[in-house]
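Please read the structure below before turning to the comments.
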Amino acid sequence: MVESAAKRILVVDDEPALCEVLKARLETFGYAVSVAHDGSEAWEKILSDAPGLVLLDIQLPGEDGFSLLRKLRSYHDPQNADREDRIRELPVIVITGRGEGMKDLFEQEKISGYVTKPIDSALIKKLIEEALRKSG
């Protein structure tokens with residue numbers, strides 16, 4: 001059975017243990033979850049098969065989360081306007097170790113929300129449901 005894009009979540013974090021915990025939690029909520037450990041890997045996965053939502057850590061090795069977020073929001077595909085729109089409007093929930101300054105990203109980079117570490121399961125579930133409802 002092929003999962004609809006809305007039910008697929010990409011978790012982008014450089015901490016393998018956190019990725020596995022998030023993957024397990026989100027799968028119990030009925031989502032199909034894939035994982036990327038840096039911005040480059042995440043970008044490849046998004047371009048090959050855009051998920052319905054991205055959980056994105058800001059502090060990543062190499063290309064950080066801010067760079068990836070800007071790349072998403074400015075994506076241009078002259079061959080496929082639908083794909084361009086889908087990627088540019090992809091709901092993103094930021095994962096961060098600190099909460100300060102995240103509110104500014106709501107307006108500046110159009111994130112759907114943010115969670116601080118350690119991640120509260122009920123809060124992340126609520127944020128994901130809200131973001132998917134608004135994007136759907």
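The values are calculated or read from the model by the stated rules, or taken from the named source; none is laboratory data. What you see is a predicted model; the values in this text were computed from it and never measured. All Cβ positions, glycine included, derive from the backbone under ideal geometry; neighbour counts span all protein chains shown.
Of everything in the range 101-136 that's modelled with pLDDT of 85 or more and small (G, A, S), which residue is farthest from L68 (Cα to Cα)?
A122
Could you grab me the full set of residues in the range 69-97 that are more than 27 Å from L26 (Cα to Cα) and either in contact with a Ser or Thr (Cβ under 9 Å, 6 or more places away or on another chain) or of a type in the set (D, E) (or both)?
D77, D82 - these are the residues of the range 69-97 that are more than 27 Å from L26 (Cα to Cα) and either in contact with a Ser or Thr (Cβ under 9 Å, 6 or more places away or on another chain) or of a type in the set (D, E) (or both).
Cβ-Cβ below 6 Å, separation at least six or inter-chain, first residue in the range 76-96 and closer than 17 Å to V11 by Cβ and modelled with pLDDT of 95 or more, second among the aliphatic types (A, V, I, L, M) and loosely packed, with under 10 Cβ neighbours inside 10 Å: which pairs?
none
Is it true that some residue in the range 56-65 is modelled with pLDDT of 95 or more and of a type in the set (S, T, N, Q)?
no
Go through the range 1-74 and tell me which helices (runs of 4 or more DSSP H), entirely inside it, have 1 or more residues that are within 10 Å of the chain's Cα centre (by Cα) and of a type in the set (V, I, T).
39-48
Give just the number: which of (1) in contact with a strand residue (DSSP E or B) (Cβ under 7 Å, 6 or more places away or on another chain); (2) closer than 18 Å to S121 by Cβ does G52 not satisfy?
(2)
List every residue pair whose Cβ atoms lie under 7 Å apart, where the two residues are 6 or more positions apart in sequence or sit on different chains, the first residue falls within the range 12-38 and is charged (D, E, K, R), and the second residue, located anywhere, is assigned to a helix (DSSP H, G or I) and buried (at least 17 other Cβ atoms within 10 Å of the Cβ).
These pairs meet every condition: D13/C19.
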